[in-house]
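Each value in this text was obtained by applying a stated rule to the coordinates, not by laboratory testing. The structure displayed is predicted, hence computed values, not measured ones. So basically every Cβ, Gly included, is an ideal-geometry build from the backbone, and we count neighbours across all protein chains shown.
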Amino acid sequence: MFHQCDDPGAANHAVTYEDGPEAVSYCEDSASQNDRVTGIDLRSLPAGTAVVVDTRHSRYRFVMLDETGRNALIEGGPYFPRATTVRVEGSTLGGSLLKVGWIGLGLFVELSFGGKRIITSRVRSISMPRGSHDEDSLRPWSFR
């Protein structure tokens, strides 16, 4: 159900890392033969990797702070106007099922910070900017 590629907001590419486990899952669009990201396992990303997530109502930029995929610097949306350290719980359909350490298309992202649980609107696209794994990605930035 959530691995369909005809979503107009689906990302067109993603960066994978040769030395680690597969970080992203793809599906193939038969019309254009382009790979599109359907989900990303944050636990397989090195610290410093940036991930941009567009939801129905907001855009978020995550920079992974460690190898666990759980701690990230986030900016965007109504709750994070400036860079804030959060714990990424994972993705959910909105009930009690949680896919830990994962962000997937069509799912909600659950975040924790300051003793509060934040649930985003549905994810529409996931992308990893080129050159996102470097020291500059740890610096706060804003959306223009």
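Data table
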read-out	value
Neighbour-count order for Lys99, Lys116, fewest beta carbons within 10 angstrom listed first	Lys116, Lys99
Least to most buried among Met64, Met128 (fewest other Cβ within 10 Å first)	Met128, Met64
The stretch 24-132 - Rg and Dmax from Cα coordinates, angstrom	13.3, 46
Sorted by Cβ density within 10 Å, fewest first, the residues Ile74, Ile40, Ile118	Ile118, Ile74, Ile40
Cβ-defined net charge surrounding Val100, 9 Å radius [Lys, Arg +1; Asp, Glu -1]	+2
Stokes-Einstein D (µm²/s) once Rh is taken as the Kirkwood radius of the stretch 46-106 over alpha-carbon pairs, at 20 °C in 1.002 mPa s	178
